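Let me begin by presenting the structure, written as structure tokens, before commenting on it.
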Amino acid sequence: MIRSLATALGPASAAPLRRLLALLAAAAAAQGTAYALLVPLIQNLLGDRPAAALPWLAWFAAATAGYAALTWWAQNLAFGLGQDVARVLHDRLGEKVIGLPLGWFTPARTGELSRLASQSVLQLMNVPAHLLRPVVTATVTPLVVASVLLVVEPRLGAAVAVAAPLLALTLWWSNRAVASADAARHHVMDDAAARIVEFAKSQPLLRAYGRTAREHRLLDDALTAQGRADRALLHRVVPGLVAFGFAVRALLGTVLLLGVHLALGGDLDAATLVAVLVLAVRFTEPLATAAELGASLRMAAGNLAGVNRVLDAATLPEPVRPQRPETTEVVFDDVRFGYDDRPVLRGVGFTLPEKSMTALVGPSGAGKTTVARLLARFWDVQAGAVRIGGVDVRDIAGADLSARVSFVFQDVYLFDGTLADNIRLGRPDATDDEVREAAGRAGLDDVLAALPAGLRTPVGEGGTALSGGQRQRVSIARALLKRAPIVVLDEATASLDPEADAAVQTAVAALARRATLLVIAHRLQTVRAADQILVLSDGRISERGTHADLADGAGLYASFWRERAEAEGWRLVGG
Ligand SMILES: Nc1ncnc2c1ncn2[C@@H]1O[C@H](COP(=O)(O)OP(=O)(O)OP(=O)(O)O)[C@@H](O)[C@H]1O
């Protein structure tokens, strides 16, 4: 567990951790020495000359004082390190998550990540102060006590030395039995967490169809599995604890019987027998404490394994010698890519000229979003290359690339803050005037005028206080403020009211004037306004050209155009 903790905390925390372990070991050794000094102390006190116990008493007091001072020092250090654990683990997990490819974020992993970052990190804060000390004490103190016993009374010492590995074996066996049940429990807990998040997110849908919690089978099953796993864990824990308690008592009983037998035979004086029995009790005490902490130890080990699994996950490699593109021309050169060996793009090639607007259209599931994600290097291509200004995106530093590419998603997430906070996300050092200007250019003026506090109006968690069209305009304002030279816009598929639609179109036009713009287009007006239209189907660009080039043909674009015209025409008549 100590090694896992050191790995999770990283090299920066290695020195304080080593210092803490050294202090804890010194404190445990002082405790063992104090226990050991009880033997001559008791022997002398119960012997012919009790006054001879005085020097031993002084040594005993010194060892106890040393133990107290070292423990106080170690605990202070441990509490400080506990605070660091939370900060360091959050920092390291946060940094790691930013660098992970999007493919890593499956629902199960997202569930595990949220458990690790909240519950697990909080539990791990307790490790330095409340777990390391008993663990170190349970190892060092019995060792010192057993060594002293071997010297003072070799026969009883030998009995303890033989019993100690047996005790350790019992502990190891009970821990191993529980560890597998514990791992299974963590697994079902993550599944249940993922299901709860899914259930919460799908509430509007479930309610629309009148489904209740009982009918949500997946969630029910996950919660039932969690209950089963909890019970299985309990069944494994109890026998281990009973077996260890029995082993400890058996050891004490053996030492007692052996001691009495030796004393009755005249081989051991009464004073030494009392001293040895006191020592034997002290020997088992830290082991019993460690056994009681078994559940917490396993939990900590499980949490640390989870944290280390995330920290070990492969990130997209950063270039050794990063290059900076000179232009914003984007080229997809024979790009091939698929998810889980299922090919989606089978040789996609196109160019987005600088400061031009390209509309990407194609059937649902053709891979339009995938193209957009590869441009921002959310994943790496499996063959071919994506280049910006002639430089492969894999040769551009991650921070540089994200500064150059802005995303306007269809499903815009807004953070719980004011409208201004949400727009400022595009460029945190932007002035109020710049935020206001970006909002205006994104067509938000009418929205702001209707809100009581204007830009200072809170948007509610997830932006629920705004409509879909308004949220997308906030996202466009972010992109305008960021001034990224390349913008990818996933146009809303949901119908907007004509005013919102017009505002979004104006905002898109504002983006097109100053950036290389790739629009995953769903609206005729956008497609028509594009300098270039790309049709993606069967993993390739099947048609390319302007609207005039393609609209009268017999290809996919012409049928797309007819379908959309019908749909939008119907909406205008009906609306
Ligand atoms: N993270 C993922 N893991 C596995 N498969 C995925 C993932 N994302 C997308 N896919 C699959 O890849 C294919 C292309 O998806 P993509 O979202 O790129 O298509 P699209 O053209 O944008 O579709 P739509 O117009 O419906 O949004 C689909 O079959 C989709 O199910």
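Evaluating 6.51 cos²θ - 1.76 cosθ + 1.60 at θ = phi - 60° for every residue in segment 76-93, the Karplus couplings come out as 4, 5, 5, 5, x, 5, x, 4, 4, 4, 4, 5, 5, 5, 4, 4, 5, 5 Hz, glycine and proline recorded as x. Computing Rg and the Kirkwood Rh from the Cα coordinates of the chain gives a ratio, Rg/Rh, of 1.17.
Please figure out what share of the DSSP beta bridges in the chain is antiparallel and state it in percent, rounded to the nearest 5.
55 percent
For the peptides 150-157, 39-46, the ranking by packing is 39-46, 150-157, with the highest mean count of neighbouring Cβ atoms within 10 Å listed first.
Projected onto planes of every orientation and averaged, the convex hull of the alpha-carbon atoms in segment 2-312 covers 19.3 nm². Highest mean packing comes first when the peptides 418-424, 186-192, 305-311 are listed by Cβ atoms within 10 Å, giving 418-424, 186-192, 305-311. Put in line by how crowded their Cβ is, counting other Cβ atoms within 10 Å and starting with the fewest, Glu285, Glu354 read Glu354, Glu285. Charge dipole (Cα centre; +1 on Lys/Arg Cβ, -1 on Asp/Glu Cβ; no other charges) of segment 210-327 amounts to roughly 480 debye. When only the Cβ of Lys, Arg, Asp and Glu is charged (+1, +1, -1, -1), the dipole of the chain relative to its Cα centre reaches about 760 debye.
From the alpha carbon centroid of segment 174-195 to that of segment 217-253 is 12 Å. State the Cα centre-to-centre distance between segment 105-171 and segment 336-361 in whole Å. Going from one Cα centre to the other spans 55 Å. Taking 18 Å as the straight-line reach from the Cα of Lys355, the aspartates and glutamates in range (excluding those fewer than 8 positions away in the same chain) are Glu326, Glu329, Asp490, Asp531. Here the Karplus curve 6.51 cos²θ - 1.76 cosθ + 1.60, taken at θ = phi - 60°, turns the phi angles of segment 256-263 into couplings of 4, 4, 4, x, 5, 4, 5, 5 Hz, with x standing for Gly and Pro.
When only Cα pairs below 8 angstrom with a gap of at least 6 residues are kept, segment 219-348 shows a relative contact order of 13 percent. From the Kirkwood radius over Cα pairs of segment 331-459, Stokes-Einstein at 4 °C and 1.567 mPa s returns a whole-number translational diffusion coefficient of 75 µm²/s. The spacing between segment 258-331 and segment 364-398, judged by their C-alpha centroids, is 44 Å. Peptides 475-482, 26-33, 195-202 ranked from most to least packed give 475-482, 26-33, 195-202, packing being the mean of other C-beta atoms within 10 angstrom over each peptide's residues.
Which log10 I(q)/I(0) values does segment 330-568 give at q = 0.16 Å⁻¹ under the Debye formula, counting every alpha carbon as one identical point scatterer? With one equal scatterer per Cα and no solvent, log10 I(q)/I(0) is -1.15.
Every read-out reported here was derived from the displayed coordinates using simple, explicitly stated rules and does not represent laboratory data. Here the structure is a predicted model, which means the values were calculated and not measured. Every residue, glycine as well, gets a Cβ built from its backbone with ideal geometry; the counts of neighbours run over all protein chains shown.
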